[in-house]
Amino acid sequence: MKRQINVGLIGHKFMGKAHSHALRDLPMFFDPGVEPVMKTLCGVGDDLDETARRYGWLSTTQRWQDVIEDPAIDAVSILTPGKLHCEIALAAAANGKHILCEKPLALNSAEAARMYAAAAAAGICHMVNFNYRRVPAVALAKQLIDEGRLGAIYHFQCSYQQDWPLDPACPYIWRFDKTVAGAGSMADKGSHVVDLARYLAGEFAEVSAATEIFVRERQQRAVTTDDAAVFTVRFESGALGLFLTSRMSAGHKNSLAFEVNGSRGSLAWNLERLNELQVYEAGGSVAGFRNVMVTESSHPYAAAWWPAGHVLGWEHTFIHQYYEFLKGIAEQRQPAPSFLDGLRNHQVLDSIERAAAEKRWIEVPQMKEANA
């Protein structure tokens, strides 16, 4: 019988559904070496008990402290607004819980540094939910780059665009409050693009940036997080990067896209067509991008799923992430992306915010030992 890992989930709304789905379905497709048990769902609202019943949780609580202090719980997932991440993670580490935390890891790099230091000292497995690393096409892109198929990387372009608050009548929510969210599109979406850039193109050396709040007041409350950000990057390798994040791009529902250009080839990918990777390799009599459907059993994660051509969706990235997290616990090794990656991500985000405020290039602090 496999060792059981009792999990507590802190947050039960949108992300709570995605994480619950992943934990429930994971054992059907993957064997991480341990068996996850959905023990306690923590949230606030009259729908908590019914939500727990539908999702498959054994118990509920409205106090996150109950989850952290329960000696029966082995691992916690933190899905709250960013303002609470640091406090909960520090308490979880002090109680010896393995931690998977939603992105961005904290409100800023100072908080992220405290979280990483506490997790490292506790000897627990710690992970940030940069789930787009777990798209099979993105993992294949990483493999091709690491194999040298693109040659030297020259450019990395990435955008993440949505349009959910485009209507000025959109209700005021916590994502519009800097004290709760940390930042707007630049951190919420930017944390993903920065992680993908680090994962595929390497560490950032310096950045320049501009941000804007297009709708400055909602329901008579001031909006203090950016609606859009643009930033340019010089990587440590000498490659250049160009980035856009926006929650005000009409027609874009969840459009995360990147292109990598190297001396021998290029790659392009878009989340809204997540099973496809555009690949160009120089040479041959017929030049041009070709479309690779990343569903073959030889592709990352694909062998655990359906026959070739039976495509996966956004929700499967969470299953892949929990597989890596639980496998790390089973094998007593640190999975990636870790809190150190979350800290490195925040150092980049803080530098982008400073570059926008000071209207100049800003050097990014160097951390050579961050996980790739």
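The values are calculated or read from the model by the stated rules, or taken from the named source; none is laboratory data. Not measured: the values here are computed from a predicted model. When we count neighbours, we look across all protein chains shown, and the Cβ atoms used for this are built from the backbone with ideal geometry, even at glycine. Just the protein is used for accessible areas: all its heavy atoms, side chains included, with ligands, DNA and RNA removed. Shrake-Rupley method; radii C 1.70, N 1.55, O 1.52, S 1.80 Å.
If you put +1 on each Lys and Arg Cβ and -1 on each Asp and Glu Cβ, how big is the dipole of region 210-369 around its Cα centre, in Debye rounded to 20?
Result for region 210-369 is approximately 200 debye, rounded to the nearest 20.
For the ranges 331-341, 289-299, what's the packing order if you count other beta-carbon atoms within 10 Å of each residue, average per peptide, and put the highest first?
The peptides rank, most packed first, as 331-341, 289-299.
Residues with amide H under 5 Å of VAL37's amide H, sequence separation 5 or more or different chain, H placed in the peptide plane at 1.01 Å from N; which?
Long-range HN contacts for VAL37: ILE5, ASN6, VAL7.
What are the residues whose amide H is under 5 Å from the amide H of THR60, where those residues sit 5 or more places off or on another chain and H is modelled from the backbone?
Hits under the 5 Å cutoff: LEU41.
For region 29-63, list residues with backbone N below 13 Å from a point placed 7 Å from the Cα of HIS21 toward its Cβ?
55
What is the packing order of peptides 92-98, 45-51, taking the mean over residues of other C-beta atoms within 10 Å and listing the highest first?
Numbers: 92-98: 20.9, 45-51: 13.1.
The peptides rank, most packed first, as 92-98, 45-51.
Could you give each residue of region 97-112 its phi-based ³J(HN,Hα) in whole Hz, using Karplus coefficients 6.51, -1.76, 1.60 with θ = phi - 60°, and x for Gly or Pro?
Once rounded to whole Hz, the list reads 8, 5, 10, 10, 10, 5, 8, x, 4, 8, 8, 6, 5, 5, 5, 4.
If you stretched the chain out fully between GLU206 and ARG149, how much longer would it get, using 0.36 nm times the residue separation minus the C-alpha to C-alpha distance?
Numbers: separation 57, 0.36 × 57 = 20.52 nm, distance 2.63 nm.
Separation in residues times 0.36 nm, less the Cα-Cα distance, equals 17.9 nm.
Taking 0.36 nm per intervening residue step and subtracting the Cα-Cα distance, what contour gain separates GLU69 from GLN366 on full extension?
103.3 nm
Determine ³J(HN,Hα), in whole Hz, for all residues of region 24-29 in sequence, where each value follows from phi through the Karplus function 6.51 cos²θ - 1.76 cosθ + 1.60 and θ = phi - 60°; x replaces Gly and Pro.
Per-residue couplings from phi come out as 5, 8, 3, x, 6, 10 Hz.
What fraction of the Cα pairs in region 29-158, stated in percent, has a spacing above 20 angstrom? Walk me through the numbers on the way to the answer.
Details: 4780 of 8385 pairs.
Taking all Cα-Cα pairs of region 29-158, the fraction more than 20 Å apart is 57 percent.
Only bridges with both residues in the chain count here: give the DSSP antiparallel percent, nearest 5.
Close to 60 percent.
Just the ratio, please: alpha-carbon radius of gyration of the chain over 2.2 N^0.38 Å, N its number of residues.
On the way: Rg = 20.4 Å, N = 372, 2.2 N^0.38 = 20.9 Å.
Computed over Cα atoms of the chain, the ratio equals 0.98.
Give me the dipole magnitude in Debye, nearest 20, for the chain about the Cα centre, with unit charges on the beta carbon: positive for Lys and Arg, negative for Asp and Glu.
100
Tally Lys/Arg at +1 and Asp/Glu at -1 over every other residue whose Cβ is under 13 Å from the Cβ of GLN219; what's the total?
Computed value for this residue: 0.
Can you tell me which aspartates and glutamates have their Cα less than 17 Å from the Cα of LYS17? Leave out same-chain residues fewer than eight positions away.
Within the straight-line cut-off, LYS17 pairs with ASP25, ASP46, ASP47, ASP49, GLU50, GLU102, GLU315.
If r is the Cβ-Cβ distance from GLU358 to MET1 and R0 is 41 Å, what FRET efficiency results, to the nearest 0.05? Don't skip to the answer; put the middle values down first.
Details: r = 58 Å, r/R0 = 1.42.
According to the calculation, E is roughly 0.10.
What does the convex hull of the Cα atoms come to per residue for region 171-223, in Å³?
Residue-normalised Cα hull volume stands at 93 Å³.
Which pairs, out of LYS142/LYS189; LYS39/LYS253; LYS253/LYS327; LYS97/LYS253, put more than 29 Å between their alpha-carbon atoms?
Violating the 29 Å limit, Cα to Cα: LYS39/LYS253; LYS253/LYS327; LYS97/LYS253.
Using only Cα atoms, locate the centre of region 131-166 and the centre of region 49-87, then give the distance between them in Å, rounded to an integer.
Cα centroid to Cα centroid, the span is 32 Å.
Compute, for region 245-305, the length of the dipole vector about the Cα centre, with Cβ point charges of +1 (Lys, Arg) and -1 (Asp, Glu) only. Units Debye, rounded to 20.
In debye, rounded to 20, region 245-305 gives about 180.
Taking the Kirkwood radius as the inverse of the mean 1/r across Cα pairs, report the Rg/Rh of region 279-368. Mind dumping the intermediate values first?
Details: Rg = 19.7 Å, Rh = 17.4 Å.
My calculation puts Rg/Rh at 1.13.
Roughly speaking, what is the centre-to-centre gap between region 290-316 and region 230-264 when only Cα atoms are used, to the nearest Å?
Each part reduced to its Cα centre gives a spacing of 25 Å.
Leaving ligands, DNA and RNA out of it, report the carbon-plus-sulfur percent of the accessible area of the chain at a 1.4 Å probe.
Roughly 51 percent of what the probe reaches on the chain is carbon or sulfur.
Using the Karplus curve 6.51 cos²θ - 1.76 cosθ + 1.60 with θ = phi - 60°, what ³J(HN,Hα) values do you get for each residue of region 250-259, in whole Hz, with x for Gly and Pro?
4, x, 9, 8, 7, 9, 10, 9, 9, 9
Along the charge dipole of region 1-146, pointing to its positive end and built from +1/-1 on Cβ of Lys, Arg, Asp and Glu, which listed residue (ALA121, GLY96, PRO27) has its Cα farthest out?
Projecting each Cα onto the dipole axis, the largest value belongs to PRO27.
Could you give the length gained on full extension between PHE214 and TYR172, defined as 0.36 nm per residue of separation minus the Cα-Cα distance, in nm?
Stretched out fully, the PHE214 to TYR172 stretch lengthens by 13.7 nm.
Please compute the net charge surrounding PHE235, taking Lys and Arg as +1 and Asp and Glu as -1 over other residues with Cβ under 10 Å from its Cβ.
Within the 10 Å Cβ shell, the charges total -1.
Per residue, how much accessible area does region 47-153 show when a 1.4 Å probe rolls over the protein heavy atoms, in square angstrom?
37
Treat region 93-205 as a sphere of radius equal to its Kirkwood radius over Cα pairs and apply Stokes-Einstein at 37 °C in a medium of 0.692 mPa s; give the translational diffusion coefficient in µm²/s, rounded to a whole number. Please report the intermediate quantities before stating the final value.
Numbers: Rh = 16.6 Å.
Diffusion coefficient, whole number: 198 µm²/s.
State, in angstrom, two size descriptors of region 166-294 derived from its alpha carbons: Rg to one decimal place and Dmax to the nearest whole number.
Reported Rg and Dmax, both Å: 17.7, 62.
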